[in-house]
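Novice: Structure incoming, see below.
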Amino acid sequence: MGYKLTIPARINILGNPSDANEGDFATISAAVDVRAGAVIEPDSALVLEALEREDGGFRTVLSLEFTRKQVPLSYDGHLDLLKGGVNRLHAYSAEFRVKFAQRGVRISTWTDVPRQSGLGGSSLFVLLTLAGLRQFYDLDRQVHNDYVLSELTQRVEARELGITCGFADRYAPLFGGIAYIDYRGKLQHSELHDEPYATYERLDPWIEDLPLVAISTGIERDSGDVHGRMRPRYLEEHAEWVKRGGEPPPMVRFMQGAWETAWRGKIALMVGDLEGFGDLMNQNHRLVNEMMAYCCFEDGAGWANNLLIDTALQGGALGAKLTGAGGGGSVFALTRPGQEGRLMERWRQVAAESGLDSARIYRPHVAHRGLVVTGPREQSSEGV
């Protein structure tokens with residue numbers, strides 16, 4: 001008896017890049033209809049696999065087999081996100097340890113999310129692993145609720161794998177929709193249950209979808225590297241500011257400004273003010289550019305990102321900004337309804353002229369369902 005799971009990527013619409021410094025802030029984030037997935041099946045051992053699409057189906061790129069007694073697994077650069085999910089759940093859950101000792105499992109994952117695109121793609125593999133194991137072993141849903149899985153995912157990346165990261169990528173895909181996410185109380189990224197969960201406030205009742213266009217530049221960047229420069233600097237300046245008082249230092253001022261765009265954006269969406277929302281996107285991007293230049297990124301948010309954002313605004317977009325850490329990744333723009341196609345064509349021209357040969361342009365829609373589980377697999381009409 002097996003299960004199929006899919007989970008959407010996310011875009012951080014307002015408030016970022018506070019995802020490295022969450023604790024005083026909030027974001028508006030949306031799950032979008034680009035998904036990753038997994039198939040969870042019985043096996044005599046523990047098997048972890050990476051699949052990729054080929055000729056309308058899938059082929060296995062990498063398959064690793066372990067005995068159940070080998071857990072916790074060692075990290076060696078091969079499927080470490082899946083290993084981290086297994087290891088963290090094994091450490092957290094007595095129920096999982098008992099049931100896992102009795103039977104093995106095969107976890108096969110795939111993704112349609114471009115690599116290092118600023119859409120939170122790496123977190124999806126951890127979320128799929130944790131949610132798949134919860135489903136397969138029928139773990140207690142109170143003890144292993146969606147908030148816990150989101151928090152465990154952040155700990156996998158931050159504690160197990162040493163990636164500087166926050167929480168936005170771990171909540172929006174699992175819960176789905178468009179939401180105002182409040183991270184206050186999480187600044188120190190403490191142990192699970194020693195700090196509050198994030199507060200996930202769905203905005204779908206006021207806005208079903210947004211007229212967005214997105215472009216993945218094809219320029220890969222390591223979000224952990226970007227956040228790894230920003231977070232220590234923020235914490236140092238914040239601690240000094242708390243001690244001495246007075247005017248906030250630059251990093252605190254940048255982050256407070258980004259937070260303000262998020263809570264003001266929540267109000268704008270609730271009253272249907274798309275123009276005001278677009279203005280806040282532009283404010284947020286200016287803050288990101290300033291912050292990244294201050295943190296010694298020579299071209300701020302990245303030359304390609306800034307070129308595409310300027311192109312969108314010159315073409316009449318209401319707002320445009322990056323999603324993710326910056327330097328590469330993805331840019332998205334809010335257009336007037338019905339103007340999406342015009343911007344997509346203009347971006348195609350600019351990408352071709354600028355040598356962005358791997359750029360991918362698409363029209364993201366809000367994914368109102370986050371994690372989707374179907375199965376048992378033999379009863380599902382969807383297949384892999």
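Novice: Among the residues of segment 93-113, which ones are assigned to a helix (DSSP H, G or I) and surrounded by 19 or more Cβ atoms within 10 Å (Cβ to Cβ)? Reasoning before the result, please.
Specialist: Keep residues of segment 93-113 that are assigned to a helix (DSSP H, G or I), which gives 94-102.
Answer for segment 93-113, where residues must be assigned to a helix (DSSP H, G or I) and surrounded by 19 or more Cβ atoms within 10 Å (Cβ to Cβ): F96, F100.
Novice: A follow-up question, please. So how many residues does segment 39-78 have that are within 30 Å of R231 (Cβ to Cβ) and assigned to a strand (DSSP E or B)?
Specialist: 2
Novice: Right, another one. May I ask you to verify whether A91 is over 18 Å from L127 (Cα atoms), hydrophobic (A, V, I, L, M, F, W, C), more than 21 Å from the chain's Cα centre (by Cα) and assigned by TED's automatic domain parsing to the domain that holds A168? Working first, answer last.
Specialist: On the way: over 18 Å from L127 (Cα atoms): no; hydrophobic (A, V, I, L, M, F, W, C): yes; more than 21 Å from the chain's Cα centre (by Cα): yes; assigned by TED's automatic domain parsing to the domain that holds A168: yes.
Criteria not met by A91.
Novice: Just checking, does segment 314-335 include any residue being part of a helix (DSSP H, G or I), crowded, with 18+ Cβ neighbours inside 10 Å and touching a residue at least 24 places away in the same chain (Cβ under 8 Å)? Show your work before the answer.
Specialist: Filtering segment 314-335 for residues part of a helix (DSSP H, G or I) gives 314.
Retained after the next criterion (residues that are crowded, with 18+ Cβ neighbours inside 10 Å): none.
Looking through segment 314-335, none of the residues is part of a helix (DSSP H, G or I), crowded, with 18+ Cβ neighbours inside 10 Å and touching a residue at least 24 places away in the same chain (Cβ under 8 Å).
Novice: Filter segment 255-314 down to the residues that are among the hydroxyl-bearing types (S, T, Y), in contact with a Leu (Cβ under 7 Å, 6 or more places away or on another chain) and more than 17 Å from Y180 (Cβ to Cβ) and list them by number. Show your work before the answer.
Specialist: As a first pass, look at segment 255-314 and keep what is among the hydroxyl-bearing types (S, T, Y): 261, 294, 311.
Still in the list and also in contact with a Leu (Cβ under 7 Å, 6 or more places away or on another chain): 261.
Answer for segment 255-314, where residues must be among the hydroxyl-bearing types (S, T, Y), in contact with a Leu (Cβ under 7 Å, 6 or more places away or on another chain) and more than 17 Å from Y180 (Cβ to Cβ): there is none.
Novice: Could you look through segment 114-144, keep only residues that are modelled with pLDDT of 95 or more and not in a helix (DSSP H, G or I), and pick out the one that is nearest to the chain's Cα centre (by Cα)? Even if it seems obvious, please write down each step before you answer.
Specialist: Residues of segment 114-144 that are modelled with pLDDT of 95 or more, as a first pass: 124-144.
Subset that is not in a helix (DSSP H, G or I): 137-144.
Details: Y137: 26, D138: 26, L139: 25, D140: 26, R141: 23, Q142: 24, V143: 23, H144: 20 Å.
Residue satisfying both the conditions and the ranking: H144.
Novice: For R202, are the conditions met, namely being loosely packed, with under 15 Cβ neighbours inside 10 Å, basic (K, R) and more than 30 Å from L318 (Cβ to Cβ)? Give the steps one after another, and end with the answer.
Specialist: Numbers: loosely packed, with under 15 Cβ neighbours inside 10 Å: yes; basic (K, R): yes; more than 30 Å from L318 (Cβ to Cβ): no.
Against the criterion (loosely packed, with under 15 Cβ neighbours inside 10 Å, basic (K, R) and more than 30 Å from L318 (Cβ to Cβ)), R202 does not qualify.
Novice: Given (1) surrounded by 20 or more Cβ atoms within 10 Å (Cβ to Cβ); (2) in contact (Cβ under 8 Å) with a residue 60 or more places away in the chain, identify the lone condition not met by G228.
Specialist: For G228, the failing item is (1).
Novice: Which members of segment 272-292 meet the condition of being without any contact (Cβ under 8 Å) to a residue 40 or more places away in the chain and closer than 22 Å to Y200 by Cα?
Specialist: D273
Novice: Can you list residue pairs whose Cβ atoms sit under 7 Å apart, with the first residue in segment 19-32 being in a helix (DSSP H, G or I) and the second being modelled with pLDDT of 85 or more? Count only pairs 6 or more apart in sequence or on different chains.
Specialist: Within 7 Å, the pairs are D19/N12; D19/T27.
Novice: Being over 23 Å from A214 (Cβ atoms) and free of Cβ contacts under 8 Å to residues at least 12 places away in the same chain: is that true of R106 here? Break it down stepwise before answering.
Specialist: Working: over 23 Å from A214 (Cβ atoms): yes; free of Cβ contacts under 8 Å to residues at least 12 places away in the same chain: no.
Criteria not met by R106.
Novice: In this structure, does Q349 turn out to be without any contact (Cβ under 8 Å) to a residue 24 or more places away in the chain, of a type outside the set (F, W, Y) and surrounded by fewer than 22 Cβ atoms within 10 Å (Cβ to Cβ)? Steps first, answer last, please.
Specialist: Details: without any contact (Cβ under 8 Å) to a residue 24 or more places away in the chain: yes; of a type outside the set (F, W, Y): yes; surrounded by fewer than 22 Cβ atoms within 10 Å (Cβ to Cβ): yes.
For Q349, the condition - without any contact (Cβ under 8 Å) to a residue 24 or more places away in the chain, of a type outside the set (F, W, Y) and surrounded by fewer than 22 Cβ atoms within 10 Å (Cβ to Cβ) - is met.
Novice: Could I ask something else about it? Can you pull out every residue in segment 264-288 that is within 20 Å of the chain's Cα centre (by Cα) and either of a type outside the set (A, V, I, L, M, F, W, C) or surrounded by fewer than 18 Cβ atoms within 10 Å (Cβ to Cβ) (or both)?
Specialist: Taking segment 264-288 as the starting set, the residues that turn out to be within 20 Å of the chain's Cα centre (by Cα) are 265-266, 281, 284-285, 288.
Those that are within 20 Å of the chain's Cα centre (by Cα) and either of a type outside the set (A, V, I, L, M, F, W, C) or surrounded by fewer than 18 Cβ atoms within 10 Å (Cβ to Cβ) (or both): G265, K266, N284, H285.
Novice: May I pose another question? Scan segment 249-266 and give yes if some residue there is touching a Gly at 6+ places or on another chain (Cβ under 7 Å), farther than 25 Å from V366 by Cβ and modelled with pLDDT under 90, otherwise no. I'd like the intermediate steps shown before the answer.
Specialist: As a first pass, look at segment 249-266 and keep what is touching a Gly at 6+ places or on another chain (Cβ under 7 Å): 258-259, 261-262.
With the extra rule that they be farther than 25 Å from V366 by Cβ, the set shrinks to none.
The answer is no; no qualifying residue exists.
Novice: Moving to a separate point now. Checking Y147 against (1) in a helix (DSSP H, G or I); (2) surrounded by 22 or more Cβ atoms within 10 Å (Cβ to Cβ), which single condition isn't satisfied?
Specialist: (2)
Novice: Restricted to segment 44-89, and to residues that are hydroxyl-bearing (S, T, Y) and surrounded by 13 or more Cβ atoms within 10 Å (Cβ to Cβ), which residue is farthest from P114 (Cα to Cα)? Spell out how you get there, then give the answer.
Specialist: Residues of segment 44-89 hydroxyl-bearing (S, T, Y): 44, 60, 63, 67, 74-75.
Filter again for surrounded by 13 or more Cβ atoms within 10 Å (Cβ to Cβ), leaving 63, 75.
On the way: S63: 21, Y75: 23 Å.
Residue satisfying both the conditions and the ranking: Y75.
The values are calculated or read from the model by the stated rules, or taken from the named source; none is laboratory data. Just so it is clear, the structure is predicted and the values come from calculations on it, not from any experiment. Positions of Cβ are backbone-derived with ideal geometry, glycine not excepted, and every protein chain shown enters the neighbour counts.
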